[in-house]
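The values are calculated or read from the model by the stated rules, or taken from the named source; none is laboratory data. Note that the structure is a prediction, hence the values are computed from the model and not measured. Ideal geometry is used to build each Cβ from the backbone, glycine not excepted, and the neighbour counts take in all protein chains shown. Ligands, DNA and RNA are excluded from the accessible area calculation, which covers all protein heavy atoms including side chains. Shrake-Rupley method; radii C 1.70, N 1.55, O 1.52, S 1.80 Å.
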Amino acid sequence: MIRTRIGLAVSAAALVLAGCSASDSDPAPSPAVSVNTPTTQAPEPDSTNTPTDAADKVSPAGAGAKLTVTDIRTGVHEGFDRVVYELDGEGTPGWRVGYVAEAVQDGSGNEVTVAGDAVLQVLIDGSAYPFDSGVEPYAGPDPVLAAPGGSVVEVTGSGVFEGVTQSFVGVSESGTPFAVYSLSDPERVVIDVAR
């Protein structure tokens, strides 16, 4: 009698566990993404991932981050334009990205000329001067021009001030939705702006 009860209990437990495991045909649930939480992988570029809101996006940098921007590039995808800041150094970047009334350089207070009808300010936290990170900084064109006819017009500047890299993205229309993600290997901050 005791062996029968133990056998039934083991069989029932096995059936419950088997019912809880996902089979190859069951799709895995997608992880929730918060604007305050960095992601390690941006979605594949397609129209279903088009950004839907223009609210400020914020995510903290990893502890001890010392990163320097080494490249800035733009791209065009179905439904959105993409801006990529590639970084090298130690740690993971954080960011504060949002629309501003005018582009003003941190430290100097000088106004920065940015083409477009609206300006997204990009602040990359966890940044370091090249002599602190040991990394050669971005030395390419300034501004970086985007493909004509899209939402992103140009990207200007990548100066560091007090542990923050500041840059501006000229956008063709005010209030255009955008999303911000991080990618690794190499570290990147990615901004998608709806077309």
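Looking only at the range 79-106, count every residue that is in contact (Cβ under 8 Å) with a residue 24 or more places away in the chain and assigned to a loop (DSSP other than H, G, I, E, B) and tell me the total.
7
Could you give every pair whose Cβ atoms fall below 8 Å, whose first residue belongs to the range 172-194 and is without any contact (Cβ under 8 Å) to a residue 24 or more places away in the chain, and whose second residue is open to solvent by less than 20 Å² (accessible area, probe 1.4 Å) and in a loop (DSSP other than H, G, I, E, B), counting only separations of at least 6 or pairs across chains?
none
For the structure I just gave you, tell me whether V69 is assigned to a strand (DSSP E or B), in contact (Cβ under 8 Å) with a residue 60 or more places away in the chain and closer than 24 Å to T176 by Cα. Lay out the reasoning, then the answer.
Values: assigned to a strand (DSSP E or B): yes; in contact (Cβ under 8 Å) with a residue 60 or more places away in the chain: yes; closer than 24 Å to T176 by Cα: no.
No.
Where in the range 112-175 are there strands (runs of 3 or more DSSP E), lying wholly inside it, with at least 3 residues that are open to solvent by less than 30 Å² (accessible area, probe 1.4 Å) and either of a type outside the set (V, I, T) or touching a helix residue (DSSP H, G or I) at 6+ places or on another chain (Cβ under 9 Å) (or both)?
Details: elements: 118-125, 152-161, 164-171.
Output list reads 118-125, 164-171.
Residue check, G109 against (1) surrounded by fewer than 20 Cβ atoms within 10 Å (Cβ to Cβ); (2) touching a Gly at 6+ places or on another chain (Cβ under 9 Å); (3) assigned to a loop (DSSP other than H, G, I, E, B), all met but one. Which one?
In the conditions (1) surrounded by fewer than 20 Cβ atoms within 10 Å (Cβ to Cβ); (2) touching a Gly at 6+ places or on another chain (Cβ under 9 Å); (3) assigned to a loop (DSSP other than H, G, I, E, B), G109 misses (2) alone.
Out of the residues in the range 42-52 meeting the condition of being open to solvent by 60 Å² or more (accessible area, probe 1.4 Å) and part of a loop (DSSP other than H, G, I, E, B), tell me which one is modelled with the highest pLDDT.
Top of the filtered list is T52.
Given the residues E162, E173, which is the only one that is among the acidic types (D, E), farther than 13 Å from T74 by Cβ and modelled with pLDDT under 95? I'd like the intermediate steps shown before the answer.
Working: E173 fails: modelled with pLDDT under 95.
E162 is the lone residue from the list that is among the acidic types (D, E), farther than 13 Å from T74 by Cβ and modelled with pLDDT under 95.
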